[in-house]
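Visitor: Below is one structure. I have some questions about it.
The values are calculated or read from the model by the stated rules, or taken from the named source; none is laboratory data. The structure displayed is predicted, hence computed values, not measured ones. Cβ placement follows ideal geometry from the backbone for every residue including glycine, while neighbour counts extend to all protein chains displayed. Just so you know, the surface numbers come from the protein's heavy atoms only, side chains and all, with ligands and any DNA or RNA stripped out. Shrake-Rupley method; radii C 1.70, N 1.55, O 1.52, S 1.80 Å.
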Amino acid sequence: KNQVEQSPQSLIILEGKNCTLQCNYTVSPFSNLRWYKQDTGRGPVSLTIMTFSENTKSNGRYTATLDADTKQSSLHITASQLSDSASYICVVRGGGTASKLTFGTGTRLQVTL
Amino acid sequence: NAGVTQTPKFQVLKTGQSMTLQCAQDMNHNSMYWYRQDPGMGLRLIYYSASEGTTDKGEVPNGYNVSRLNKREFSLRLESAAPSQTSVYFCASSGTGQGEYGYTFGSGTRLTVV
């Protein structure tokens, strides 16, 4: 069964600190991996999309890595800000039709003063 | 540039009532999707439409119907609401039939069935 597991479930960090969120997946065949940010009461917003051949992709202070061999990805947030408080969802698209997205349950990040 | 617009934002239904959730996108995307999000679970696909005139079942279609009214609009109907359908519903769209690009999500409809 295709699965996407994220860790930690939740995380609290001080403003200005860095953090790394983890994503492990068992989706096969693999097409791409996406990270989304979801603010409370809002829909998910895309941060990065990586294909099999991409190891790293950045979007401002967000840097995603992908190791397709070990089926692991991470999202690194640099110099966190209060506005980074949100859920971060890892999503893996398998090969085939557009319906084959598998969503992780997300990591809830809280950035505090 | 509104992106994906969902209405209503909140709704409370009694068991057995029906309702339609509306979704419209202004990005000229071919594909549209309906997801539900429940606590402790990843988003689950209810139905999708790869292109105008086509619809297909997703992972959890029971109790729902959809209509792709035109390229812009994709509605989700609950014919006889049940408490198990209490959830947050998200509509999304993508630029190609294969969803190679990022999805754009609406802001969601929070539905409570009592």
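Visitor: At a probe radius of 1.4 Å, what is the per-residue accessible area of B:ASP26, in Å² to the nearest 10?
Guide: Number for this one is 70 Å².
Visitor: Return a whole-number percent for the relative contact order of chain B, with Cα pairs under 8 Å and 6 or more residues apart as the contact set.
Guide: Relative contact order here is 36 percent.
Visitor: Where in chain B is the longest stretch that carries no trypsin sites (Lys or Arg not before Pro) classed as loop by DSSP and with at most 13 other Cβ atoms within 10 Å?
Guide: Result, exposed sites excluded: B:15-114.
Visitor: First check a/c for chain A, with a ≥ b ≥ c the square roots of the eigenvalues of its C-alpha gyration tensor; if it is under 1.5, answer rounded, and if not, answer prolate when a/b is larger than b/c or oblate otherwise.
Guide: prolate
Visitor: Test of understanding: in a Gaussian network model of chain A with alpha carbons linked when under 10 Å, which of A:LEU75, A:LEU33, A:LEU101 would top the mean-square fluctuation ranking?
Guide: Of A:LEU75, A:LEU33, A:LEU101, the most mobile in the Gaussian network model is A:LEU101.
Visitor: Out of A:LYS37, A:LYS57, A:LYS17, any idea which swings most in a Gaussian network model of chain A, alpha carbons joined below 10 Å?
Guide: The residue that fluctuates most here is A:LYS17.
Visitor: If you don't mind, another one. Just the number, please: Stokes-Einstein D of the protein assembly as shown in µm²/s, Kirkwood Rh from C-alpha pairs, 20 °C, 1.002 mPa s.
Guide: This corresponds to a translational diffusion coefficient of 119 µm²/s.
Visitor: Run the lone-cysteine check on chain A: no other Cys C-beta under 4.7 Å from the residue's C-beta.
Guide: A:CYS19
Visitor: Within the set of other residues whose C-beta is less than 14 Å from the C-beta of B:VAL88, count the net charge using Lys and Arg as +1 and Asp and Glu as -1.
Guide: +3
Visitor: Under 4 °C and 1.567 mPa s, how fast does chain B diffuse according to Stokes-Einstein, given a Kirkwood radius computed over C-alpha pairs? Answer in µm²/s, whole number.
Guide: In µm²/s, the coefficient is 93.
Visitor: Compute a Gaussian network model of chain A, connecting alpha carbons closer than 10 Å, and tell me which residue from A:ILE89, A:ILE49, A:ILE12 fluctuates the most.
Guide: Comparing A:ILE89, A:ILE49, A:ILE12 in a Gaussian network model of chain A, the most mobile one is A:ILE12.
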